[in-house]
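> The structure that follows is given in the form of C-alpha cells.
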Amino acid sequence: MAKQKKSKMALYTRQDKIILYCGYALLGLFLLAIIVPMIYIVIASFMDPVTLQNKGISFDFSKWSLDAYQRVVSDKQIWVGFRNAVLYSIIFTIISVAVTMLAAYPMSLPDFKGKKIFNTLFVITMFFSGGLIPTYLLINNLGLLDSMWAVILPGAFSVWNMIIARTYYQGVPRELREAADVDGASEMLYFFKILLPVCMPVVAVLALWQFVAMWNSYFDAMIYLNSASKQPLQLVLRSILIQSQPESGMIADIQSTAERAKMAELLKYATIIISSLPLLVMYPFFQKYFDAGIMAGSIKG
C-alpha cells in the first residue's frame, strides 16, 4: 500500500501536490472546528459550575460532577420533550420516505405521460412557497393547530429527496423490469417486492436525513404547538440555550441568583449532549449506506 501511494504521489506535479496539501490542511482545520467545540461541551457538562465559571476547562477529575446530568434526567419536561421528539421524528420519517419513494417512481419512468408538467410543478415549489402567514392560516383552517400533524405533514414531502430517489430508480437496470413482466408481476408487485429491496441504500439515507431534519426542527413546533405537553425536545433545549430559562424543577433547590445562573450555564451543555445522543447512536448503523445511497442517487447510472 505504501509503495502504491508513493507511485501515485510521483505522478503528481508540484502544483498538484500544493493543491492536495492545501486541501488536507483545510480539511484538518474543518475537523478541528468541529471536534474542539464538541470536546469542550462534553468536558464542560461534567464540571462543577463554580470551577467552570472561575477557571474554565479543567482536567482535574476531582472537580468534575454529574450534578447537571442528574438535574436534566430528573426533569419531567425533558422526558416529555424527548418522547415527543422521538415520536414526531419516527412518524415524519415513515410518511416522508413513503411519499417520496412513491412519487419518485412514476417520475423515473420514460413513458410517464405528463412527466414534464409534474417536473415543472415540483421545481417551482423548490423556489417559491406560500409564506409563513398563509401556511399558518391553512393549518388553522384544517384544524391541525396545536397537534403533531401541524409539525409533521407540511414538510413531509421534499422535492430534493424525490429527485435523488428518481435518479436512483433510473440507475436500476431495465432488464429487472422486463424480467418481472415476463413473470407476470404487476406494477405494485414489482415496486414493493422487487424494486424497493434493491433501493434500500437510498431509502436508508433518506430516512436518516428526514429523521435528523425533524429531530433538529423547532421553528414549526414553536409556531403551531401551544401545549407544553406536545412540545418536542428542541423547544425545551431552545428555552435553555437562547432564553437561558431552564425548567424550574432543575434549579428549584438553588436559592442564590448567582448560583442559579452558573447552574443554568452548566445545564446547557448537559442538555446538548443528551439531545445529541440518538443521532450519534444512529449514524454508525447508516454509515454503510451513504456511499451507495448518496453517490448512486446523485448521478444517473
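The values are calculated or read from the model by the stated rules, or taken from the named source; none is laboratory data. This structure is a prediction, so every number in the text was calculated from the model and none was measured. Positions of Cβ are generated from backbone atoms using ideal geometry, with glycine treated the same way; all protein chains shown enter the neighbour counts. The protein model used for the area step is the full one, side chains on, heavy atoms only, and it has no ligands, DNA or RNA in it. Shrake-Rupley method; radii C 1.70, N 1.55, O 1.52, S 1.80 Å.
> What is the residue count in the stretch 150-195 for residues that are open to solvent by less than 20 Å² (accessible area, probe 1.4 Å), within 26 Å of SER129 (Cβ to Cβ) and part of a loop (DSSP other than H, G, I, E, B)?
1
> Across the stretch 94-122, what is the total count of residues that are closer than 18 Å to TYR168 by Cα and open to solvent by 50 Å² or more (accessible area, probe 1.4 Å)?
Of the residues in the stretch 94-122, 5 are closer than 18 Å to TYR168 by Cα and open to solvent by 50 Å² or more (accessible area, probe 1.4 Å).
> Is one or more of the residues making up the stretch 36-50 of a type outside the set (S, T, N, Q), more than 27 Å from LEU189 (Cβ to Cβ), in contact with a helix residue (DSSP H, G or I) (Cβ under 6 Å, 6 or more places away or on another chain) and open to solvent by 50 Å² or more (accessible area, probe 1.4 Å)?
yes
For (1) more than 15 Å from VAL205 (Cβ to Cβ); (2) open to solvent by 80 Å² or more (accessible area, probe 1.4 Å); (3) more than 19 Å from the chain's Cα centre (by Cα); (4) at pLDDT below 60, each residue gets a yes or a no:
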| site | (1), (2), (3), (4) |
| --- | --- |
| ARG260 | yes, yes, yes, no |
| GLU265 | yes, no, yes, no |
| THR271 | yes, no, no, no |
| PRO278 | yes, no, no, no |
| VAL281 | yes, yes, no, no |
| GLN287 | no, yes, no, no |
| PHE290 | no, no, no, no |
| MET295 | no, yes, no, yes |
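> Here's another thing I want to ask about it. For the stretch 210-224, which residues satisfy the criterion of being of a type in the set (Ser, Thr, Tyr), touching a residue at least 60 places away in the same chain (Cβ under 8 Å) and either open to solvent by 30 Å² or more (accessible area, probe 1.4 Å) or closer than 16 Å to LEU279 by Cα (or both)?
SER217
> Also, I was wondering about something else. If you check TYR169, TYR218, TYR136, which single one turns out to be hydroxyl-bearing (Ser, Thr, Tyr) and modelled with pLDDT of 90 or more?
Going through TYR169, TYR218, TYR136 in turn, the sole match is TYR136.
> Scan the stretch 225-244 for residues that are in a helix (DSSP H, G or I) and open to solvent by less than 10 Å² (accessible area, probe 1.4 Å) and report the count.
3
> Taking LEU206 as the residue in question, decide whether it is in contact with an Asp or Glu (Cβ under 7 Å, 6 or more places away or on another chain) and of a type in the set (A, V, I, L, M, F, W, C).
no
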